[in-house]
1. Can you pull out the residues in the range 21-36 that are surrounded by fewer than 16 Cβ atoms within 10 Å (Cβ to Cβ) and over 17 Å from TYR90 (Cβ atoms)?
2. Please go through the range 1-58 and give me each residue that is among the small types (Gly, Ala, Ser) and within 19 Å of ASP72 (Cβ to Cβ), ordered by number.
3. Is it the case that the range 31-49 has a residue that's free of Cβ contacts under 8 Å to residues at least 40 places away in the same chain, of a type in the set (S, T, N, Q) and under 16 Å from PRO67 (Cα atoms)?
4. Between residues in the range 55-76 that are without any contact (Cβ under 8 Å) to a residue 60 or more places away in the chain and more than 15 Å from LEU27 (Cα to Cα) and residues that are of a type in the set (Ser, Thr, Tyr) and loosely packed, with under 14 Cβ neighbours inside 10 Å, which pairs lie under 9 Å by C-beta distance while being six or more apart or on different chains?
5. Among the residues of the range 3-20, what is the count of those that are surrounded by 10 or more Cβ atoms within 10 Å (Cβ to Cβ) and either of a type in the set (Gly, Ala, Ser) or outside any loop (DSSP other than H, G, I, E, B) (or both)?
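Read-outs throughout are calculated quantities, based only on the coordinates presented, and are distinct from any laboratory measurement. Everything quoted here is computed from the prediction, not taken from an experiment. As a convention, Cβ positions derive from the backbone with ideal geometry for all residues, glycine included, and neighbour counts pool all protein chains shown.
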Amino acid sequence: MATYTPKPIDTSNVVLNDAQRRLVEQLAANVHDVWARKRVEDGWRHGASRNDQIKTHPSLVPYDELPDSEKDYDRVMVEQVIRAAVALGYRIDALDAAGRAGRGRPPAGHWLARLRGGFSNRETTQT
């Protein structure tokens, strides 16, 4: 069998915007809840240490109660998925209160942000 060489999508040029960074945290909490629900369905319960024989795991707690090291694992996985989606050409925007995609503003310092009158597009100028 040949040696496996992982080749993840190159996301080195992807910069997440504020909405996407907030999404990382929300999805990381959701990933934890999905994992925990499956464990509980399989008969696992919270315990001081992981024990596969009696099915206990210290991470079977709400996301907010996890140590940062555990949260970081979920965050990294979610962030890489979002970065990969963006690198593949997908757009991930938060919806505003009217259900429209993000405000379409470039990041501070971007040349479009310095245009006279700011930056807009049809999506953000329609009422």
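1. Taking the range 21-36 as the starting set, the residues that turn out to be surrounded by fewer than 16 Cβ atoms within 10 Å (Cβ to Cβ) are 21-22, 25-26, 30, 33-35.
Listed by number, the residues that qualify are ARG22, GLU25, GLN26, ASN30, ASP33, VAL34, TRP35.
2. First, the residues of the range 1-58 that are among the small types (Gly, Ala, Ser): 2, 12, 19, 28-29, 36, 43, 47-49.
ALA28, ALA29, ALA36, listed by residue number.
3. If we filter the range 31-49 for residues that are free of Cβ contacts under 8 Å to residues at least 40 places away in the same chain, which is where we start, we get 33-49.
Still in the list and also of a type in the set (S, T, N, Q): 49.
Filter again for under 16 Å from PRO67 (Cα atoms), leaving 49.
The answer is yes; a qualifying residue exists.
4. Partner pairs satisfying both residue conditions: THR56/SER49; HIS57/SER49; PRO58/SER49.
5. 3
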